[in-house]
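This report refers to the structure that appears directly beneath it.
The values are calculated or read from the model by the stated rules, or taken from the named source; none is laboratory data. Bear in mind that the values here come from a model prediction, so they are computed numbers and not experimental data. All Cβ positions, even for glycine, are placed from backbone atoms using ideal geometry, and neighbour counts span all protein chains on display. Calculation scope for accessible area: heavy atoms of the full protein, side chains included, ligands and nucleic acids excluded. Shrake-Rupley method; radii C 1.70, N 1.55, O 1.52, S 1.80 Å.
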Amino acid sequence: MQTALAAEHAAVYGYGVLGGRLRGALQQAAKTYWDAHRAQRDKLVSILSVRPVAAAAGYRLPVKVTNARSAARLAAALEDDLVPAYVGLAGAPAADLRVFAADSAERAMARSAKWRASAGDGAPSAPFPGLPSTALSPRPEPGE
């Protein structure tokens, strides 16, 4: 959960940076997603039973934001970074936490796809960025 929380901290920061380069519907989408990431961060903090990892004062962002296109690319990258954090959490023993993690990974991938389309970019080369290809291969049934 700490990994997912750290990724949410980075997303909140990154959306704060990129929002200033957007206008109209894209700016509204960025604000909506920024609010969603803040709520997700707060939810993770509320369910942690240990001291939550703190947000950094600043983050090294994977995309330099200079215009609307690069802002959309940064948003896609932030969402991509959330996927492996939540997929890692999907193996938790508690069923409700597994559902939360799977839903969160799915939502991050959907947001990433929307931002990629806004930037004029295609789909990512990997179906789930950050996951090794072996994690995506079908597992043999016992006895095969």
Quick tally, 1.4 Å probe accessible area for ASP35, ASP96, sorted with the most first, runs ASP96, ASP35
For the Cα atoms of the chain, what angle does the longest principal axis make with the long axis of helix 24-47, in degrees from 0 to 90, nearest 10?
40
With Cα springs under 10 Å, the Gaussian network model of the chain assigns the largest mean-square fluctuation among LEU22, LEU82, LEU48 to LEU48
Give the carbon-plus-sulfur fraction of the accessible surface of the chain in %, rounded to a whole number; probe 1.4 Å, heavy atoms of protein chains only.
56
Quick numbers on the stretch 6-73, Rg and Dmax over C-alpha atoms in Å, give 13.1, 41
Hey, how many Å between the Cα centroid of the stretch 83-119 and the Cα centroid of the stretch 1-74?
14
Find the relative contact order for the stretch 1-86 and round it to a whole percent, using C-alpha pairs within less than 8 Å whose residues are 6+ positions apart.
45
Can you spot the aspartates and glutamates whose alpha carbon is less than 19 Å from LYS43's alpha carbon? Ignore those fewer than 8 places along the same chain.
GLU8, ASP35, GLU79, ASP81, ASP96, ASP103, GLU106
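Divide by every residue of the chain the summed helix terms, -39500 (n - 2.57) for each DSSP H run of at least 4, and state the resulting mean residue ellipticity at 222 nm, rounded to the nearest 500 deg cm²/dmol.
Details: 5 runs with 92 residues, N = 144.
So the helix-based figure for the chain works out to -21500 deg cm²/dmol.
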Taking the Cβ-Cβ separation of GLN2 and ARG69 as r and a Förster radius of 22 Å, what is the calculated FRET efficiency to the nearest 0.05?
0.10
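In square angstrom, what is the accessible area per residue of the stretch 12-104 with a 1.4 angstrom probe?
Values: 5110 Å² over 93 residues.
I get 55 Å² per residue for this part.
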Could you check which residue among VAL65, VAL12, VAL99 shows the biggest mean-square fluctuation in a GNM of the chain with a 10 Å Cα cutoff?
VAL99
[x] 26, 17, 15; [y] 27, 20, 12; [z] 33, 15, 12: which one is semi-axes √(5λ) of the Cα gyration tensor in Å as calculated from this entry?
[y]
Between ALA30, ALA108, ALA95, where does the largest GNM mean-square fluctuation fall for the chain, given springs only between Cα atoms within less than 10 Å?
ALA95
Quick one: if the Förster radius is 35 Å, what FRET efficiency do ALA92 and ALA117 give, using the C-beta to C-beta distance and rounding to 0.05?
0.65
